[in-house]
Amino acid sequence: MWKTGELGKATWSSANVTWQLNATGGSQGIQLGLAGSDPKRVQFCSVGDEVFPQAAEQFVRGDDLHVSYPQQEGSYSIEAVFKPIASTDQRLVIEVILSLETRLLDTHPTVDLVASRSAESAAPKETMPFRGCDPISLAASSGLSVAVLLGPHDAPFTANHSSDNELRLRLFGEFLEKGVIRKARPWIVLSTSDSGVADSELSELYAKLCASPLPLTS
(Lines give C-alpha, C1' and ligand atoms only; values in the text may rest on other atoms or scores of the structure.)
Protein backbone atom coordinates (compact mmCIF):
# COMPACT_ATOMS: atom_id res chain seq x y z
CA MET A 1 0.00 0.00 0.00
CA TRP A 2 0.99 3.65 -0.27
CA LYS A 3 3.10 5.12 2.50
CA THR A 4 2.61 8.85 2.71
CA GLY A 5 4.60 11.53 4.47
CA GLU A 6 4.45 15.21 3.74
CA LEU A 7 1.83 16.48 1.32
CA GLY A 8 2.30 15.12 -2.21
CA LYS A 9 5.07 12.64 -1.34
CA ALA A 10 4.54 8.88 -1.10
CA THR A 11 6.23 5.53 -1.73
CA TRP A 12 4.99 2.17 -2.99
CA SER A 13 7.00 -0.95 -2.12
CA SER A 14 6.94 -4.45 -3.58
CA ALA A 15 9.43 -7.13 -2.52
CA ASN A 16 12.82 -5.38 -2.47
CA VAL A 17 11.88 -2.43 -4.69
CA THR A 18 10.49 0.92 -3.56
CA TRP A 19 8.97 3.41 -6.00
CA GLN A 20 8.95 7.07 -5.10
CA LEU A 21 6.18 9.52 -6.03
CA ASN A 22 6.66 13.26 -5.74
CA ALA A 23 3.29 14.77 -6.55
CA THR A 24 3.71 18.17 -4.93
CA GLY A 25 3.04 19.95 -8.22
CA GLY A 26 4.26 23.45 -9.04
CA SER A 27 7.40 23.80 -11.15
CA GLN A 28 8.31 20.12 -10.81
CA GLY A 29 4.83 18.80 -11.56
CA ILE A 30 4.49 15.10 -10.75
CA GLN A 31 7.52 12.76 -10.72
CA LEU A 32 7.66 8.98 -10.41
CA GLY A 33 10.76 6.78 -10.25
CA LEU A 34 12.85 4.45 -8.15
CA ALA A 35 13.42 5.62 -4.60
CA GLY A 36 16.95 6.87 -4.04
CA SER A 37 17.54 7.64 -7.72
CA ASP A 38 16.60 10.36 -10.18
CA PRO A 39 12.87 10.97 -9.53
CA LYS A 40 12.35 12.41 -13.01
CA ARG A 41 12.13 9.02 -14.71
CA VAL A 42 8.49 9.80 -15.47
CA GLN A 43 7.08 13.29 -15.09
CA PHE A 44 3.80 15.10 -15.66
CA CYS A 45 4.54 18.78 -16.21
CA SER A 46 2.99 21.99 -17.46
CA VAL A 47 3.46 23.24 -21.01
CA GLY A 48 4.88 26.60 -22.08
CA ASP A 49 3.93 29.45 -19.78
CA GLU A 50 1.28 27.42 -17.98
CA VAL A 51 1.79 26.78 -14.27
CA PHE A 52 1.14 23.32 -12.85
CA PRO A 53 -1.00 23.83 -9.72
CA GLN A 54 0.31 23.01 -6.25
CA ALA A 55 -0.98 20.03 -4.28
CA ALA A 56 -3.38 21.11 -1.53
CA GLU A 57 -4.89 17.87 -0.23
CA GLN A 58 -4.30 14.12 -0.37
CA PHE A 59 -5.81 10.92 0.98
CA VAL A 60 -5.51 7.16 0.46
CA ARG A 61 -8.53 4.99 -0.30
CA GLY A 62 -7.62 1.32 -0.52
CA ASP A 63 -4.66 1.19 -2.91
CA ASP A 64 -5.55 4.52 -4.56
CA LEU A 65 -3.71 7.71 -3.69
CA HIS A 66 -5.77 10.84 -4.39
CA VAL A 67 -4.11 14.26 -4.71
CA SER A 68 -5.98 17.52 -5.30
CA TYR A 69 -4.46 20.51 -7.14
CA PRO A 70 -6.90 23.45 -7.03
CA GLN A 71 -6.78 26.25 -9.57
CA GLN A 72 -4.79 29.13 -8.13
CA GLU A 73 -2.66 31.48 -10.24
CA GLY A 74 -2.65 29.13 -13.21
CA SER A 75 -5.37 28.37 -15.72
CA TYR A 76 -6.56 24.96 -14.53
CA SER A 77 -7.07 22.58 -11.61
CA ILE A 78 -6.30 18.85 -11.47
CA GLU A 79 -7.56 15.93 -9.47
CA ALA A 80 -5.09 13.02 -9.66
CA VAL A 81 -5.49 9.37 -8.68
CA PHE A 82 -2.51 7.01 -8.59
CA LYS A 83 -3.65 3.39 -8.76
CA PRO A 84 -1.08 0.54 -8.89
CA ILE A 85 -2.37 -2.23 -11.16
CA ALA A 86 0.43 -4.75 -10.53
CA SER A 87 3.84 -4.72 -8.87
CA THR A 88 6.70 -7.20 -8.56
CA ASP A 89 10.36 -7.03 -7.58
CA GLN A 90 11.19 -5.68 -11.07
CA ARG A 91 8.06 -3.95 -12.28
CA LEU A 92 5.34 -1.46 -11.45
CA VAL A 93 2.21 -1.00 -13.54
CA ILE A 94 0.30 2.08 -12.41
CA GLU A 95 -2.79 3.86 -13.68
CA VAL A 96 -2.67 7.63 -13.34
CA ILE A 97 -6.05 9.34 -13.69
CA LEU A 98 -5.85 13.07 -14.29
CA SER A 99 -9.06 15.12 -14.22
CA LEU A 100 -8.44 18.63 -15.53
CA GLU A 101 -10.84 21.59 -15.28
CA THR A 102 -10.58 25.33 -15.91
CA ARG A 103 -12.71 28.26 -14.77
CA LEU A 104 -11.31 30.54 -17.47
CA LEU A 105 -12.65 31.26 -20.93
CA ASP A 106 -10.65 30.75 -24.14
CA THR A 107 -7.96 28.57 -22.61
CA HIS A 108 -6.47 25.32 -23.85
CA PRO A 109 -4.54 23.80 -20.94
CA THR A 110 -2.41 20.74 -21.66
CA VAL A 111 -0.08 18.51 -19.62
CA ASP A 112 3.02 16.70 -20.89
CA LEU A 113 3.95 13.16 -19.87
CA VAL A 114 7.75 12.96 -20.12
CA ALA A 115 10.30 10.16 -19.77
CA SER A 116 14.00 10.15 -20.68
CA ARG A 117 15.39 7.57 -23.08
CA SER A 118 18.79 6.72 -24.50
CA ALA A 119 17.61 5.62 -27.93
CA GLU A 120 14.54 5.32 -30.12
CA SER A 121 12.46 2.27 -29.15
CA ALA A 122 9.93 0.42 -31.24
CA ALA A 123 6.64 -0.38 -29.50
CA PRO A 124 4.29 -3.25 -30.34
CA LYS A 125 1.84 -2.32 -33.06
CA GLU A 126 -1.73 -2.14 -31.84
CA THR A 127 -4.80 -0.68 -33.53
CA MET A 128 -3.67 2.78 -34.57
CA PRO A 129 -5.84 5.84 -33.88
CA PHE A 130 -7.01 7.94 -36.80
CA ARG A 131 -5.11 10.81 -35.20
CA GLY A 132 -3.04 11.40 -32.09
CA CYS A 133 -0.23 9.09 -30.98
CA ASP A 134 0.49 5.38 -30.80
CA PRO A 135 -1.37 3.38 -28.13
CA ILE A 136 1.98 2.09 -26.74
CA SER A 137 5.10 4.25 -26.46
CA LEU A 138 8.48 3.21 -25.05
CA ALA A 139 11.35 5.02 -23.34
CA ALA A 140 14.32 2.75 -22.65
CA SER A 141 17.23 4.09 -20.61
CA SER A 142 19.97 2.68 -18.39
CA GLY A 143 18.53 0.89 -15.37
CA LEU A 144 14.87 1.51 -16.13
CA SER A 145 12.49 1.11 -19.05
CA VAL A 146 9.18 2.93 -19.30
CA ALA A 147 6.14 2.09 -21.40
CA VAL A 148 3.12 4.36 -21.66
CA LEU A 149 -0.19 2.78 -22.64
CA LEU A 150 -3.04 4.97 -23.88
CA GLY A 151 -6.51 3.55 -24.40
CA PRO A 152 -8.87 4.47 -27.27
CA HIS A 153 -10.28 7.39 -25.24
CA ASP A 154 -6.82 8.96 -24.84
CA ALA A 155 -4.56 8.07 -27.77
CA PRO A 156 -6.53 10.03 -30.43
CA PHE A 157 -6.37 13.19 -28.29
CA THR A 158 -2.68 12.93 -27.34
CA ALA A 159 0.08 14.54 -29.41
CA ASN A 160 3.56 13.03 -29.69
CA HIS A 161 6.27 15.68 -29.17
CA SER A 162 9.10 13.19 -28.58
CA SER A 163 12.76 13.52 -29.54
CA ASP A 164 15.59 11.00 -29.76
CA ASN A 165 16.43 11.35 -26.05
CA GLU A 166 12.99 12.08 -24.61
CA LEU A 167 9.49 10.66 -24.77
CA ARG A 168 7.01 13.54 -24.53
CA LEU A 169 3.28 12.95 -24.92
CA ARG A 170 0.93 15.93 -24.71
CA LEU A 171 -2.36 15.07 -23.01
CA PHE A 172 -5.73 16.85 -23.36
CA GLY A 173 -5.35 17.75 -27.01
CA GLU A 174 -8.85 19.12 -27.49
CA PHE A 175 -9.97 22.63 -26.57
CA LEU A 176 -11.44 22.74 -23.06
CA GLU A 177 -14.50 24.90 -22.48
CA LYS A 178 -14.95 26.63 -19.15
CA GLY A 179 -16.28 24.29 -16.47
CA VAL A 180 -15.82 21.10 -18.52
CA ILE A 181 -13.79 18.30 -16.92
CA ARG A 182 -11.47 16.30 -19.17
CA LYS A 183 -9.87 13.06 -18.04
CA ALA A 184 -6.81 11.12 -19.11
CA ARG A 185 -5.75 7.78 -17.65
CA PRO A 186 -2.46 6.49 -19.00
CA TRP A 187 -1.09 3.20 -17.72
CA ILE A 188 2.63 3.49 -17.02
CA VAL A 189 4.81 0.37 -16.93
CA LEU A 190 8.18 0.78 -15.19
CA SER A 191 10.67 -2.10 -15.30
CA THR A 192 14.15 -2.54 -13.83
CA SER A 193 14.74 -5.74 -15.83
CA ASP A 194 17.67 -5.61 -18.26
CA SER A 195 15.38 -7.01 -20.97
CA GLY A 196 12.54 -4.57 -20.24
CA VAL A 197 8.99 -5.80 -20.86
CA ALA A 198 8.22 -8.25 -23.65
CA ASP A 199 6.02 -7.06 -26.51
CA SER A 200 3.51 -9.81 -25.75
CA GLU A 201 3.19 -8.64 -22.15
CA LEU A 202 2.67 -5.03 -23.22
CA SER A 203 -0.01 -6.15 -25.67
CA GLU A 204 -1.76 -8.09 -22.88
CA LEU A 205 -1.63 -5.07 -20.58
CA TYR A 206 -2.98 -2.86 -23.36
CA ALA A 207 -5.91 -5.26 -23.88
CA LYS A 208 -6.56 -5.17 -20.12
CA LEU A 209 -6.56 -1.36 -20.18
CA CYS A 210 -9.02 -1.26 -23.07
CA ALA A 211 -11.33 -3.73 -21.29
CA SER A 212 -11.28 -1.88 -17.96
CA PRO A 213 -14.19 0.47 -17.13
CA LEU A 214 -13.72 4.19 -17.50
CA PRO A 215 -13.47 6.09 -14.21
CA LEU A 216 -16.66 7.93 -13.32
CA THR A 217 -15.17 10.05 -10.57
CA SER A 218 -11.74 10.92 -9.22
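Within segment 80-122, take every residue that is part of a strand (DSSP E or B) and among the acidic types (Asp, Glu) and give me the one that is nearest to residue 25 (Cα to Cα).
112
When the residues of segment 14-29 are narrowed to those that are in a strand (DSSP E or B), polar (S, T, N, Q) and surrounded by 15 or more Cβ atoms within 10 Å (Cβ to Cβ), which ends up farthest from the chain's Cα centre (by Cα)?
Step one: filter segment 14-29 for residues in a strand (DSSP E or B), giving 14, 17-22, 25.
Checking the rest, the ones that are also polar (S, T, N, Q) come to 14, 18, 20, 22.
Applying the additional criterion that residues be surrounded by 15 or more Cβ atoms within 10 Å (Cβ to Cβ) yields 14, 20, 22.
Working: 14: 20, 20: 14, 22: 12 Å.
It comes out as 14.
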**Study point:** Matching residues in segment 58-84 - criterion: being in contact with a Phe, Trp or Tyr (Cβ under 9 Å, 6 or more places away or on another chain) and open to solvent by 50 Å² or more (accessible area, probe 1.4 Å)
**Key:** 60, 63, 79
Exercise for review: Out of the residues in segment 54-85 that are free of Cβ contacts under 8 Å to residues at least 60 places away in the same chain and among the aliphatic types (A, V, I, L, M), state the one that is nearest to residue 105 (Cα to Cα).
Suggested key: 78
Review point. What is the number of the single condition among (1) touching a helix residue (DSSP H, G or I) at 6+ places or on another chain (Cβ under 9 Å); (2) modelled with pLDDT of 90 or more; (3) closer than 23 Å to residue 173 by Cβ that residue 161 does not meet?
Key: (1)
Exercise for review: Please enumerate the residues belonging to segment 183-211 that are open to solvent by less than 80 Å² (accessible area, probe 1.4 Å) and either over 15 Å from residue 155 (Cβ atoms) or charged (D, E, K, R) (or both).
Suggested key: 183, 185, 189, 190, 191, 192, 193, 196, 197, 198, 200, 201
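Looking at 145, 137 in this structure, which one is assigned to a strand (DSSP E or B) and within 22 Å of residue 47 (Cβ to Cβ)?
On the way: 145 fails: within 22 Å of residue 47 (Cβ to Cβ).
That would be 137, the only listed residue that is assigned to a strand (DSSP E or B) and within 22 Å of residue 47 (Cβ to Cβ).
The values are calculated or read from the model by the stated rules, or taken from the named source; none is laboratory data. In this text the structure is predicted, and so the values were computed from the model without any measurement. Note that we place each Cβ from the backbone using ideal geometry, even for glycine, and neighbour counts take in every protein chain shown. With ligands, DNA and RNA removed, areas are computed over all heavy atoms of the protein, side chains included. Shrake-Rupley method; radii C 1.70, N 1.55, O 1.52, S 1.80 Å.
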